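Report on one structure; see the data block that follows.
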Amino acid sequence: MDMLHRPRRNRKNETVRSFHRETWLAPQHFMYPLFIHEGAADIPILSMPECSRLCVEGLFREVEASMKVGVKSFVLFPATPESKKTAGAEESYNPEGLVQRMLRELKSRFPEAVLVTDVALDPYSSAGHDGLVAPDGRILNDETVEILVKQAVSQAEAGADIIAPSDMMDGRVGAIRMGLDDAGFSEVSILSYTAKYASAFYGPFRDALDSAPKHGDKKTYQMDPANAREACRELYLDEEEGADMVMVKPAGPYLDVIRLLRDETTLPIAAYQVSGEYAMLQAACGNGWLEAERVIPESLVAIRRAGADVILTYFARKVATWMAEGRI
Ligand code: PBG
């Protein structure tokens, strides 16, 4: 058969394929979210196979092992005992809080690690919401932002390199930027959860932290999964307010939103492959229905292809280890 164009010639072997491969996955593209708690032992998270709430020693072990395979950035998520949760979420800015203590420890043990902290009230709130709740159930915006600024400053004081507000309150990026600058932390970056959707894919995360809302849902502050234009509006506001990096969350089901923001901004883009995406892949791989070493990297390379620079993923250490061992 005469045929001028045979695209398969460019796929003939690995060397040829790698001439024109457009997207790469490497350990420096990962930020590794870790769950921490006050207890004396690691506690496995049932809906997130192979993830645990880490005790202090467990956290050090996980960070050390990850650094060895080139993962150098970590995001800390605390499980707060019920007894420390309050309506005002005061524990969020306690200088002796779990996150603040672990930041100081990690900074002294692993000075090259880049530490990222989540800013939102849900792990500390007796209502399980990211903001303060009024008696009629509304989530208060401006009052919440004041607390978020305190939380961000206390994390910066404890050694956070990057502050990541995940609360979706209006105006929080600008307020946090000013609060950090006023407190002398102009070098601390802000990674804004710019387009964070009101997603059912966060279920396992809320199991992990016991942080599900006690009443209602998060739809008055997190975005409607049906919307993309609104993500651009959030992007423009975050840029004006001084965000250094922007995030799309979840990642896999929102690849179009990642691409949209990629085309609209010069800022670095992060995407969060969330707990539900992790749980689905682990469930299928654990049952032998999907092949882990192929499908997990594919899920990540797709997120990079869509336009993300960095990926927050619970698979960070696993995939970086496969890379270090030359398995993928
Ligand atoms: C807290 C927060 C959540 C996640 C990250 N930060 C949960 C939520 O908004 O309810 C979810 C991460 C995941 O599912 O892996 N504001």
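The values are calculated or read from the model by the stated rules, or taken from the named source; none is laboratory data. None of the values given here were measured: they were computed from a predicted structure. Please note: Cβ atoms are built from the backbone with ideal geometry, for glycine as well, and neighbour counts cover all protein chains shown. These area figures cover heavy atoms from the full protein model, side chains too; ligands, DNA and RNA do not enter into them. Shrake-Rupley method; radii C 1.70, N 1.55, O 1.52, S 1.80 Å.
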ask   = When residues of region 268-288 are filtered for being of a type in the set (A, V, I, L, M), over 17 Å from the mean Cα position of the chain (by Cα) and away from the ligand (no atom under 16 Å from the Cβ), how many remain?
value = 1
remark   = Among (1) in a helix (DSSP H, G or I); (2) open to solvent by less than 70 Å² (accessible area, probe 1.4 Å); (3) under 29 Å from residue 134 (Cβ atoms); (4) more than 10 Å from the ligand (Cβ to nearest atom), residue 254 falls short only on (3)
request  = Could you list, in sequence order, all residues of region 150-187 that are closer than 19 Å to residue 94 by Cα, part of a loop (DSSP other than H, G, I, E, B), within 19 Å of the chain's Cα centre (by Cα) and among the aliphatic types (A, V, I, L, M)?
outcome  = 160
ask   = If residue 32 passes every condition in (1) over 18 Å from the mean Cα position of the chain (by Cα); (2) open to solvent by less than 80 Å² (accessible area, probe 1.4 Å) but one, which one does it miss?
value = (1)
query = How many residues does region 1-28 contain that are more than 30 Å from residue 73 (Cα to Cα) and either aliphatic (A, V, I, L, M) or touching a residue at least 40 places away in the same chain (Cβ under 8 Å) (or both)?
reply = 4
ask   = If residue 144 satisfies every condition in (1) more than 13 Å from the ligand (Cβ to nearest atom); (2) part of a helix (DSSP H, G or I); (3) under 25 Å from residue 214 (Cβ atoms) but one, which is the exception?
value = (1)
key: Of the criteria (1) open to solvent by 70 Å² or more (accessible area, probe 1.4 Å); (2) under 21 Å from residue 89 (Cβ atoms), which one residue 226 fails   = (2)
ask   = Can you name the condition, by its number, that residue 261 falls short on among (1) open to solvent by less than 50 Å² (accessible area, probe 1.4 Å); (2) under 30 Å from residue 64 (Cα atoms)?
value = (2)
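Residue by residue through region 189-220, note down the ones that are assigned to a helix (DSSP H, G or I) and either touching a strand residue (DSSP E or B) at 6+ places or on another chain (Cβ under 9 Å) or within 17 Å of residue 51 (Cβ to Cβ) (or both). Working first, answer last.
Within region 189-220, the subset assigned to a helix (DSSP H, G or I) is 200-209.
Those that are assigned to a helix (DSSP H, G or I) and either touching a strand residue (DSSP E or B) at 6+ places or on another chain (Cβ under 9 Å) or within 17 Å of residue 51 (Cβ to Cβ) (or both): 201, 202, 203, 204, 205, 206, 207, 208, 209.
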